[in-house]
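Peer 1: This is the structure I want to talk about, given as structure tokens.
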Amino acid sequence: MNKIYIAVLFAVVLAACSESKEQLDLRQALTAKLAEDSDLKDYKLDPAQVADCIVNEIADNVSALPGHPPRQQVLEAYAKFVSVNSPGDAQKAVDQYKDLFGGVKESQSAAMQVTDYIMDCMGQAIEKITPENGAAQPASTPHEGSNAAPANENRQAAPQAK
């Protein structure tokens, strides 16, 4: 009898840990979009790691239980929001998922929330690579012959006029 309980528990744990098709689609859409992001390139961040963070944040904030159809639809909607390439496509995606989110404004809010997730996860990734005593610096350096000084050089602040 105990073996049956262990087998059932194991099956439940595997089902809970498995990633849904919708999560994979969202992860792929995010990775493709982030691979083109200049900030990620400047800070030498891995788009796949940032995408993992975003998918985890979205999945954690989806109110439905794993495997529940609305949860899958919400993940599908986020993947669509991420993969749009024009304002017209964005509006079509918002209209397509307005019933899922409860209206056009709510659908627009969900689409805009993707940006918040991206910024939060990029910030977390930058913090991980930041030296303890200073701010993270982009990988790029000033162009040769420019007057720009290195960003991490200690400088005294100019006196402020009163």
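The values are calculated or read from the model by the stated rules, or taken from the named source; none is laboratory data. Everything numeric here is computed off the predicted structure, so don't read it as measured data. So basically every Cβ, Gly included, is an ideal-geometry build from the backbone, and we count neighbours across all protein chains shown.
Peer 1: Just to check your reading of the model, which residue among ALA51, ALA59, ALA32 is surrounded by fewer than 16 Cβ atoms within 10 Å (Cβ to Cβ), touching a residue at least 24 places away in the same chain (Cβ under 8 Å) and assigned to a helix (DSSP H, G or I)?
Peer 2: ALA32
Peer 1: Looking at (1) farther than 14 Å from ALA110 by Cβ; (2) surrounded by fewer than 18 Cβ atoms within 10 Å (Cβ to Cβ), which is the one condition that is false for TYR43?
Peer 2: (2)
Peer 1: Tell me the helices (runs of 4 or more DSSP H) entirely within segment 85-133 that contain at least 1 residues that are of a type in the set (Lys, Arg) and within 18 Å of LYS44 (Cβ to Cβ).
Peer 2: 104-129
Peer 1: On to the next question. Hey, PRO66 hits all of (1) modelled with pLDDT of 90 or more; (2) at negative phi; (3) in a loop (DSSP other than H, G, I, E, B) but one; which does it fall short on?
Peer 2: Checking PRO66 against (1) modelled with pLDDT of 90 or more; (2) at negative phi; (3) in a loop (DSSP other than H, G, I, E, B), the one that fails is (1).
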